[in-house]
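Visitor: This structure is in structure tokens; I'll ask about it shortly.
Since every read-out is calculated from the coordinates, none of them should be taken as a lab result. Being a predicted model, the structure only gives us computed values, none of them experimental. Here the Cβ is made from the backbone with ideal geometry for all residues, glycine too, and neighbour counts use every protein chain on show.
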Amino acid sequence: MLLSKYATKSPWLFRINTGSCNGCDVELATTALIPRFDVERLGCKYTGSPKHADIVLITGPVTARSENYLKRMLVEIPEPRVIVAIGICAISGGVFKDSYSIRGPVDKYVDVDVNVSGCPVRPQSILDGVAKAIEIWKEKIEQFHEG
Ligand code: SF4
């Protein structure tokens, strides 16, 4: 218990695009590339591998074309993990809700821990959502190690 408390690493962020219009993804990119909104100041880092992911940032309404990709990624991402729905499309389907090509929203496939609303989301909201996700992740890590 004591060891797990102090051995906790920095959380790694992983992005999944489930067919967004790219508006939210552009805003997500600002948190990776622009110093003003740098998400690494919160003590986390982006990873390109689902197997290393701790906090998962999902954009898009889950199109028919991206459905299997999302399912595959969710199988590869280990527990404990925190799922963050980025943008109104990921949360509810947004303007694409009930369209013939939409299978989502995201919470049909996985429990969502944090919703970050907006269309597109603002970088400040993303930072706020990631800060909340980090707190939830720390709690999940403790529960995970306590068994
Ligand atoms: S919430 Fe708006 S900006 Fe984001 S993916 Fe949907 S339509 Fe695009």
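Visitor: Express the relative contact order of the stretch 2-146 as a whole percentage, based on alpha carbon pairs under 8 Å and six or more residues apart in sequence.
Guide: Dividing the mean separation by the residue count of the stretch 2-146 yields 27 percent.
Visitor: With a ≥ b ≥ c the root eigenvalues of the C-alpha gyration tensor of the stretch 103-147, is it rounded (a/c under 1.5), prolate (a/b larger than b/c) or oblate?
Guide: Taking the square roots of the gyration eigenvalues as a ≥ b ≥ c, the stretch 103-147 is oblate.
Visitor: Listed here are the pairs Lys9/Lys140; Lys45/Lys132; Lys51/Lys71; Lys71/Lys108; Lys9/Lys45; Lys71/Lys140; which of them are more than 18 Å apart at the Cα?
Guide: Long pairs (Cα-Cα over 18 Å): Lys71/Lys140.
Visitor: Can you give the angle from 0 to 90° between the axis of helix 23-33 and the longest principal axis of the chain, with both taken from C-alpha atoms, to the nearest 10?
Guide: Value to nearest ten degrees: 30.
Visitor: On to the next question. Enumerate by residue number the chymotrypsin sites (Phe, Trp or Tyr not before Pro) in the stretch 28-136 meeting two conditions: DSSP loop (anything except H, G, I, E, B), and at most 10 other Cβ atoms within 10 Å of the site's Cβ.
Guide: Of the chymotrypsin sites (Phe, Trp or Tyr not before Pro), the ones in loops of the stretch 28-136 whose Cβ has at most 10 other Cβ atoms within 10 Å are Tyr100.
Visitor: Let me ask something else. Please determine, in degrees from 0 to 90 and to the nearest 10, the orientation of helix 67-76 with respect to the longest principal axis defined by the Cα atoms of the chain, where the helix direction is its Cα long axis.
Guide: That helix lies at roughly 10 degrees to the long axis.
Visitor: Let me ask another. Cα-based Rg of the chain per 2.2 N^0.38 Å, rounded to two decimals?
Guide: Rg over 2.2 N^0.38 Å, computed on Cα atoms: 1.02.
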